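Novice: Have a look at this one.
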Amino acid sequence: MKVITFLTDFGDRDGYVAQMKGVACCLTAARLVDVSHDVPAHQVRHGAFLLWTVAGWFPKGTVHVAVVDPGVGTPRKAIFVVTKNYVFVGPDNGVLLPACHTESPFTVYEITDPGFHIHGGQTFHGRDIFTPVAAYITNGVPFGKLGRPTTSYVDLRFPIAERKGDVVDGMVLYVDHFGNLITNIKAQLLPRLEGRLHVTVSRREENVPVVSSYGNVAAGEPLLTVGSSGFVEIAVNKGDAASRFQAGEDDPVTLRLD
Amino acid sequence: MKVITFLTDFGDRDGYVAQMKGVACCLTAARLVDVSHDVPAHQVRHGAFLLWTVAGWFPKGTVHVAVVDPGVGTPRKAIFVVTKNYVFVGPDNGVLLPACHTESPFTVYEITDPGFHIHGGQTFHGRDIFTPVAAYITNGVPFGKLGRPTTSYVDLRFPIAERKGDVVDGMVLYVDHFGNLITNIKAQLLPRLEGRLHVTVSRREENVPVVSSYGNVAAGEPLLTVGSSGFVEIAVNKGDAASRFQAGEDDPVTLRLD
Amino acid sequence: MKVITFLTDFGDRDGYVAQMKGVACCLTAARLVDVSHDVPAHQVRHGAFLLWTVAGWFPKGTVHVAVVDPGVGTPRKAIFVVTKNYVFVGPDNGVLLPACHTESPFTVYEITDPGFHIHGGQTFHGRDIFTPVAAYITNGVPFGKLGRPTTSYVDLRFPIAERKGDVVDGMVLYVDHFGNLITNIKAQLLPRLEGRLHVTVSRREENVPVVSSYGNVAAGEPLLTVGSSGFVEIAVNKGDAASRFQAGEDDPVTLRLD
């Protein structure tokens, strides 16, 4: 059973996502699954992070549609990207690319043939171009009919922290709704899931226990753990690490491993 | 594959929508698609606007359930409306009607036979009447078994702006979560998608470029464009027109076309 | 057609629910239905209430997954509970139990065989344990392969108000997004759906009409009615009872029946 996922900054209240799903229902029997529609308006990086962490949990053959698209209606390209397991469809602004690099190698296609689009206007490519193209892909329309390969596209990768001696210099990639700080420090850089480490987030330093899950420290206590995407996460058990450390996305995170 | 859509003012957090979907799952294999559950409580006009803009994107045969129902449990009728392509199910308070007029001609049925209802109480017709009726319709139960035609119902239409000489006097029909102001001025009243027009929103007048999409002006600049529903939209590229013009739903909008 | 429902405190914005659904799509063709993802973080009782009121509306054979799990990664058990009509899957912290008592008798299984889990980490059992177990159950994997029966589990029941002479001493179980106060007073304790009763909520006393639905009193007026779950509800027609009575969850409610 085919799956199409939807990631947008449209919110849930205005019916824009429903318009996309209506179009999908007209064209395909694929399952329609929401990734998130609460990406802050026009925040391409934020949407790219979510797609990157979510895409790989879906079955082979899933088509992921991502519409965080401040340039809609300008000459920015519309693209789809074919990887070994998935196809990603959306605007050429980088939102698809971190997820594609994880699934490398990949081929980027510029969407060309307007015969597969809906002619609804210039302001809603999510409904008029990306959703129909995704639906036709789940129906087996050949990629070459929907677009043509291109080597020119807007790239985006998230920086991954590296160890320099006893120090790891990283950053906060994402703050989730619990207030957990998801860093760009891979789990493998933690020497072990025990003991304590000095961590500096933004300008606040603490000596924090390293544990296998939130409940291993007392309520209200901070902790370092390996989050669900394989990155080091700074959290507070039953609390809010973003508030405690007064930290947000892109803020620096330093671990001292000595 | 049949589709039932759901539009309510129940929000997503209380499980009321899930109770409706549970009932639907008991009765039909149709696809269940959310339109929006964030209609402000009891705002019939707001719900009617969303249904009006969303319904037509779904496949022929879709049953649209809309439950914005401040009169639940009073003698207000429960109705369904049969149009050429769709059936609309909900309370007799106007919420269904703008969408029905678009699909005109239509027949309104009063829901009568309680044999097709669930006897859960007097406060939740969305779960106990509208959802079962929608499910039975997708299953092919004849309309005449579920209700009887009536010519007495609460009507609702949105006013459409008209041109008087060089002036178009319209209004804001809807403010979306980006802050875009969707007016009741049809695209055809714009002489062209270029140049500039004098626009007065609420009491603020500006000379604003007319463009084919948001990204055709600089970030932070206002614009007039044709929105995704075919109406003139007042927007700010990567910004919030509702804040800039201090305008909300029902506020007057005037275009000078000279 | 099998159904899996999802109830969490993950919110809709971070993609965590989508990761669970991706795993489900890999393993089963069951319908995936959201109950709510807006349970306040770590509020087990709140989640338990929603599951309790929603579960019974779904078809026999539905598997309900509930992940409000502040103890994830600690030695708290992972369980599933088999009742006559449903299977409930989640952490052993009580969140499943009120719904199970309604479906009594039931058997609690401790989830044991890690061969049916995903090895993603220690912080996201919703994705790595509960969803795969739910999917395998919809596929017909025998309960005994997924876990072993246990009589040791964390229980939870909601107290039900009793009548003492002419007084019913109850409490607010839940405040919905309209501000309706759902009490633990069963409908049968109301002598009739007419007349008026003295009601004390928190410390505010009023003489309130008892009606069959909200619209039976004027807009802005308080009322007692039987809510959609069969409990007495204190509401304000087109208004917000929680604000009017300055009341919240767990606050006392007293009815004088004389």
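The values are calculated or read from the model by the stated rules, or taken from the named source; none is laboratory data. Everything quoted here is computed from the prediction, not taken from an experiment. In this analysis, Cβ positions are derived from the backbone assuming ideal geometry, glycine residues included, and neighbour counts consider all displayed protein chains. The protein model used for the area step is the full one, side chains on, heavy atoms only, and it has no ligands, DNA or RNA in it. Shrake-Rupley method; radii C 1.70, N 1.55, O 1.52, S 1.80 Å.
Novice: If I filter the range B:2-61 down to residues being more than 22 Å from residue C:48 (Cβ to Cβ) and acidic (Asp, Glu), which single residue comes out as farthest from the other protein chains (Cβ to nearest Cβ)?
Specialist: B:9
Novice: Six or more apart or on different chains, Cβ atoms under 9 Å: show the pairs whose first residue is in the range C:83-106 and within 15 Å of residue C:67 (Cα to Cα) and whose second is hydroxyl-bearing (Ser, Thr, Tyr) and at pLDDT below 95.
Specialist: Filtered contacts from the range C:83-106: no entries.
Novice: In this structure, is residue C:141 open to solvent by less than 40 Å² (accessible area, probe 1.4 Å), part of a loop (DSSP other than H, G, I, E, B) and modelled with pLDDT of 95 or more?
Specialist: Yes: the conditions hold for residue C:141.
Novice: Can I ask one more? Return the residue satisfying two criteria in turn: it lies in the range B:225-246 and is of a type outside the set (D, E, K, R) and in a helix (DSSP H, G or I), and of such residues it is least open to solvent (accessible area, probe 1.4 Å).
Specialist: Here the residue is B:241.
Novice: Another question, if that's okay. Residue under question is residue C:173, and the condition is that it be in contact with a strand residue (DSSP E or B) (Cβ under 8 Å, 6 or more places away or on another chain), within 14 Å of chain B (Cβ to nearest Cβ) and hydrophobic (A, V, I, L, M, F, W, C); does it hold?
Specialist: Yes, satisfied.
Novice: Sticking with this structure for a sec: Which of the residues belonging to the range A:111-138 are out of contact with any Ser or Thr (no Cβ under 6 Å at 6 or more places or on another chain), among the polar types (S, T, N, Q) and either surrounded by 24 or more Cβ atoms within 10 Å (Cβ to Cβ) or within 14 Å of chain B (Cβ to nearest Cβ) (or both)?
Specialist: A:131
Novice: Here's another thing I want to ask about it. Got at least one residue in the range A:206-219 being open to solvent by 60 Å² or more (accessible area, probe 1.4 Å), modelled with pLDDT under 95 and within 14 Å of residue A:231 (Cβ to Cβ)?
Specialist: no
Each row is one residue, and each column tells you yes or no for (1) open to solvent by 10 Å² or more (accessible area, probe 1.4 Å); (2) touching a strand residue (DSSP E or B) at 6+ places or on another chain (Cβ under 9 Å).
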site: A:18; (1), (2): no, yes
site: A:39; (1), (2): no, yes
site: A:57; (1), (2): yes, no
site: A:68; (1), (2): no, yes
site: A:82; (1), (2): yes, yes
site: A:88; (1), (2): no, yes
site: A:92; (1), (2): yes, yes
site: A:99; (1), (2): no, yes
site: A:109; (1), (2): yes, yes
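Novice: Quick check: anything in the range A:27-34 open to solvent by less than 50 Å² (accessible area, probe 1.4 Å), under 19 Å from residue C:19 (Cβ atoms), of a type outside the set (Gly, Ala, Ser) and in a helix (DSSP H, G or I)?
Specialist: Checked the range A:27-34: no residue is open to solvent by less than 50 Å² (accessible area, probe 1.4 Å), under 19 Å from residue C:19 (Cβ atoms), of a type outside the set (Gly, Ala, Ser) and in a helix (DSSP H, G or I).
Novice: Moving to a separate point now. Take the residues of the range B:62-78 that are β-branched (Val, Ile, Thr) and within 14 Å of chain C (Cβ to nearest Cβ): which is farthest from the chain's Cα centre (by Cα)?
Specialist: It comes out as B:74.
Novice: Right, something else. In this structure, does residue B:201 turn out to be among the hydrophobic types (A, V, I, L, M, F, W, C) and at the interface with chain A (Cβ under 10 Å from one of its Cβ atoms)?
Specialist: Against the criterion (among the hydrophobic types (A, V, I, L, M, F, W, C) and at the interface with chain A (Cβ under 10 Å from one of its Cβ atoms)), residue B:201 does not qualify.
Novice: Of everything in the range A:66-108, what is among the hydroxyl-bearing types (Ser, Thr, Tyr) and under 27 Å from residue B:238 (Cα atoms)? Give them in sequence order.
Specialist: A:74
Novice: Return the residues of the range B:87-102 that are outside any strand (DSSP E or B) and under 28 Å from residue B:122 (Cβ atoms); say none if nothing qualifies.
Specialist: Listed by number, the residues that qualify are B:92, B:93, B:94, B:95, B:96, B:97, B:98, B:99, B:100.
Novice: When both residues are 6+ apart or on different chains and their Cβ atoms are under 7 Å apart, which pairs have a first residue that lies in the range A:1-21 and is assigned to a loop (DSSP other than H, G, I, E, B), and a second that is charged (D, E, K, R) and open to solvent by less than 20 Å² (accessible area, probe 1.4 Å)?
Specialist: That search, which allows pairs on different chains as well, returns A:14/B:176.
Novice: While we're looking at this one, here's another question. What residue, among those in the range B:70-80 that are of a type in the set (Val, Ile, Thr) and assigned to a loop (DSSP other than H, G, I, E, B), is surrounded by the most Cβ atoms within 10 Å (Cβ to Cβ)?
Specialist: B:72
Novice: Assuming residue B:255 fulfils every condition listed in (1) loosely packed, with under 13 Cβ neighbours inside 10 Å; (2) touching a residue at least 12 places away in the same chain (Cβ under 8 Å); (3) not in a loop (DSSP other than H, G, I, E, B) apart from one, which condition is it?
Specialist: Of the numbered conditions (1) loosely packed, with under 13 Cβ neighbours inside 10 Å; (2) touching a residue at least 12 places away in the same chain (Cβ under 8 Å); (3) not in a loop (DSSP other than H, G, I, E, B), the odd one out for residue B:255 is (1).
Novice: A further question follows. Condition first: free of Cβ contacts under 8 Å to residues at least 40 places away in the same chain and farther than 14 Å from residue B:63 by Cβ. Now tell me which residues in the range B:35-49 satisfy that.
Specialist: Across the range B:35-49, the qualifying residues are B:36, B:37, B:38, B:39, B:40, B:41, B:42, B:43.
Novice: When you scan the range C:188-198, how many residues do you find that are more than 14 Å from chain B (Cβ to nearest Cβ) and open to solvent by 40 Å² or more (accessible area, probe 1.4 Å)?
Specialist: Of the residues in the range C:188-198, 5 are more than 14 Å from chain B (Cβ to nearest Cβ) and open to solvent by 40 Å² or more (accessible area, probe 1.4 Å).
Novice: Given (1) farther than 21 Å from residue B:99 by Cβ; (2) at pLDDT 95 or above, identify the lone condition not met by residue B:173.
Specialist: That leaves (1) as the condition not met.
Novice: Quick test of your reading of the structure: residue B:153 fulfils all but one of (1) under 25 Å from residue B:31 (Cβ atoms); (2) open to solvent by 20 Å² or more (accessible area, probe 1.4 Å); (3) modelled with pLDDT of 95 or more. Name the failing condition by number.
Specialist: Of (1) under 25 Å from residue B:31 (Cβ atoms); (2) open to solvent by 20 Å² or more (accessible area, probe 1.4 Å); (3) modelled with pLDDT of 95 or more, only one is false for residue B:153: (1).
Novice: Please go through the range A:92-107 and pick out each residue that is touching a helix residue (DSSP H, G or I) at 6+ places or on another chain (Cβ under 8 Å) and within 24 Å of residue B:214 (Cβ to Cβ).
Specialist: A:93, A:94, A:95, A:96, A:97
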